[in-house]
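> I have a structure here, written as structure tokens, and I will follow up with some questions on it.
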Amino acid sequence: MTTTPRRIVRKKAALAVVDIQERLLPAIFEKDRVVQNAVRLIKGAAALKLPIVATEQYRKGIGPTVPEIASAIHGFAPIEKLAFSCCGAEGFVAAIEKAGATDIILCGIEAHVCVAQTCLDLLDKDCRVFVVADACSSRTPENQRIGLERMRDAGAIIVSTEMILFDLLDRAGTDEFKQVLTLVK
């Protein structure tokens with residue numbers, strides 16, 4: 001019998017939003033789905049009082065985080081990075097550790113590069129990683145698929161936006177449930 005819970009543990013959870021930036025987003029496969037679901041995740045995480053960490057890859061070249069994402073995060077202060085993995089950015093691991101998070105929810109772009117490398121590094125740090133498939137993408141559907149498969153093969157748990165939000169809620173009938181329900185309707 002396993003001693004590790006199979007479902008996410010809310011009190012140990014944080015959301016990481018990876019590189020949803022203005023100059024990269026137009027080339028992303030199903031970009032509107034990614035932004036819409038990332039905003040749902042952000043608003044759901046805020047309603048559930050989860051820590052949220054956002055990153056930007058080489059802001060000078062790829063531009064800032066798209067306004068829909070930036071405006072959804074209270075006190076938006078992205079961590080800039082040059083490393084593809086968020087774990088290589090100064091302050092990212094410290095922010096996760098400060099939050100006491102070991103269950104990390106990942107969304108963003110690109111699934112086969114920055115999201116995948118972040119996932120693999122977090123797994124190496126003994127975190128459980130929940131990759132939100134419908135809030136991640138790449139420039140091509142093939143790279144998105146291969147990125148998700150690689151992360152699953154490495155031990156990540158692949159989920160959907162609704163799946164992770166309802167796992168975090170655990171039950172209906174609460175004020176939080178009502179807030180999150182409006183996001184998924």
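> In whole Hz, with x marking every Gly and Pro, tabulate ³J(HN,Hα) for region 81-86 from phi via Karplus 6.51 cos²θ - 1.76 cosθ + 1.60, θ = phi - 60°.
Going residue by residue, I get 8, 10, 5, 5, 6, 4 Hz, with x marking Gly and Pro.
> Now for a separate question. Could you work out how far apart the two model spin labels at ILE158 and ARG33 are, taking each label as a point 7 Å from the Cα in the direction of the beta carbon, and quote it in nm?
About 1.2 nm separates the two model spin labels.
> Moving on. Show which lysines lie in cross-link reach of LYS98 when reach means a straight Cα distance below 30 angstrom and same-chain residues fewer than eight apart are skipped.
Straight-distance partners of LYS98: LYS11, LYS12, LYS43, LYS49, LYS60, LYS81, LYS125, LYS178.
> Computed from the mean reciprocal separation of all distinct C-alpha pairs, what Kirkwood hydrodynamic radius does the chain have, in Å? The partial results should precede the final answer.
On the way: mean 1/r = 0.0621 Å⁻¹.
The Cα-based Kirkwood calculation yields 16.1 Å.
> Can you list the HN-Hα couplings for region 108-113, worked out from phi with the Karplus curve (6.51, -1.76, 1.60; θ = phi - 60°), rounded to whole Hz and with x for Gly and Pro?
Here the 3J(HN,Hα) series is x, 9, 8, 4, 8, 10 Hz.
> Under a point-charge model restricted to the Cβ atoms of Lys and Arg (+1) and Asp and Glu (-1), what is the dipole moment magnitude of region 10-184 relative to its Cα centre, in debye to the nearest 20?
Details: 21 positive and 23 negative charges, 49 e Å.
Value, rounded to 20: 240 debye.
> Under 5 Å between amide hydrogens, which residues at least 5 positions from ILE79 or on another chain qualify, with H placed 1.01 Å from N in the peptide plane?
Under 5 Å from the amide H of ILE79: ALA54, THR55, GLU56.
> Could I have the simple spin-label model distance between ALA99 and ARG145, label points 7 Å from Cα toward Cβ, reported in nm to one decimal?
3.2 nm
Any read-out appearing in this document is the output of simple, stated calculations on the displayed coordinates, not a laboratory observation. Note that the structure is predicted; figures quoted are calculated from it, not measured. So basically every Cβ, Gly included, is an ideal-geometry build from the backbone, and we count neighbours across all protein chains shown.
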